[in-house]
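We did not get these values from a lab; they are worked out from the coordinates using the rules stated. Keep in mind the model is a prediction, meaning the values are calculated, not measured. Glycine also receives a Cβ, built like all others from the backbone with ideal geometry; neighbour counts cover every protein chain displayed.
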Amino acid sequence: MAGRLEGKIALITGAGNGIGAGIARRFAEEGARVGVLDVLEERVNETVEALIALGAEALGLVCDVREHVQVEWAVKTLSETFAPINVVVNNAAVMPSGMLHETEPDEWEHVFAVNVRGAYLVNRAVIPQMIMQGNGSIIHIASVSGMLGLPGLAAYSTTKGALIALTRAMSTDYAPNGIRVNSVSPGTIDSPMLHEFLGAQADPDSLRAEFDAMHPIGRIGSIDEVANVVLFLASDESSFVTGANYTVDGGLSVKGDQPQD
């Protein structure tokens, strides 16, 4: 039985670990040939080796998504190695903590450069291929923090809200070309990014318990639970879905509760 992504070429940014690596693994299991893009070579190699161990075809692409020359090189290399790209997952992100007045200008610009400029540059490089093919699926990994006023995440939340808006704008622009654009907004996910964020807090254990409690399901989510939704949007099963923002948050955005400092 063919996989749900059989014959597709997928480019996943920030695929060296965490949610990106989980998406890469899920895609590989479903038959995609995967471009593993990350800024850290060691992480790229680890993910590629894991995918090859599954029997998948994978290509490592060490690339800084802030740099347009590097991004264009990565897109060209992947498409020339395998075939034109069908699926893009813009997952690369950084998540500093802090309220707006605590955020230095350089840090603010860095978050936007990775989280928003990175997605822009990747999309810009890939879309001409998708237009030529007459199809494609672009998925932005946003966050419920881009929808809700979660405390202490001013810069990160702003960039994730921007990705949701970008999804809507691109979906109407490129629908006539057969290109679908959607976003996925995870709630709190058990990932390296979460562990890093909690490690920077005064009382990590207490905040982790608050995160569990604020989700109506009663726990934080897993990487696989996010990857499964991204897989649906990448596959032809979602052929009539574009401009949507899928929340994968255990009911958090419906409940609207927030952890308090």
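Here MET193 and LYS255 are evaluated by their C-beta separation; at R0 = 25 Å the FRET efficiency comes out at 0.65.
Sorting MET132, MET214 by the number of Cβ atoms found within 10 Å of their own Cβ, with the fewest placed first, yields MET132, MET214.
Computed 3J(HN,Hα) for region 149-166, one whole-Hz value per residue from the Karplus formula 6.51 cos²θ - 1.76 cosθ + 1.60 where θ = phi - 60°, is x, 5, x, x, 9, 4, 5, 4, 4, 5, 5, 6, x, 5, 5, 5, 5, 4, glycine and proline marked x. In this label model, ALA213 and GLU67 are separated by 4.6 nm, measuring between points 7 Å along each Cα→Cβ vector.
Based on other C-beta atoms within 10 Å, arrange THR188, THR247 from fewest to most. Please report the intermediate quantities before stating the final value.
Working: THR188 25, THR247 19.
Least to most surrounded, the residues fall as THR247, THR188.
Taking other C-beta atoms within 10 Å as the exposure proxy, HIS101, HIS215 rank HIS101, HIS215 from fewest upward. Full extension of the segment from GLU107 to GLU57, taken as 0.36 nm per residue of separation minus the current Cα-Cα distance, would add 14.3 nm.
What is region 43-88 by shape, rounded, prolate or oblate, if you read a ≥ b ≥ c off the alpha carbon gyration tensor as root eigenvalues and call it rounded for a/c under 1.5, prolate for a/b larger than b/c, and oblate otherwise?
oblate
The dipole here belongs to region 9-245: it is taken about the Cα centre, uses +1 on the Cβ of Lys and Arg and -1 on the Cβ of Asp and Glu, and is about 780 debye. Close amide-amide hydrogen proximity is noted between SER143 and no other residue 5 or more places distant or on a separate chain, at a cut-off under 5 Å (H modeled in the peptide plane; Pro and chain starts excluded). Comparing HIS195, HIS110, HIS140 in a Gaussian network model of the chain, where Cα atoms under 10 Å apart are tied by springs, the biggest mean-square fluctuation is seen for HIS195.
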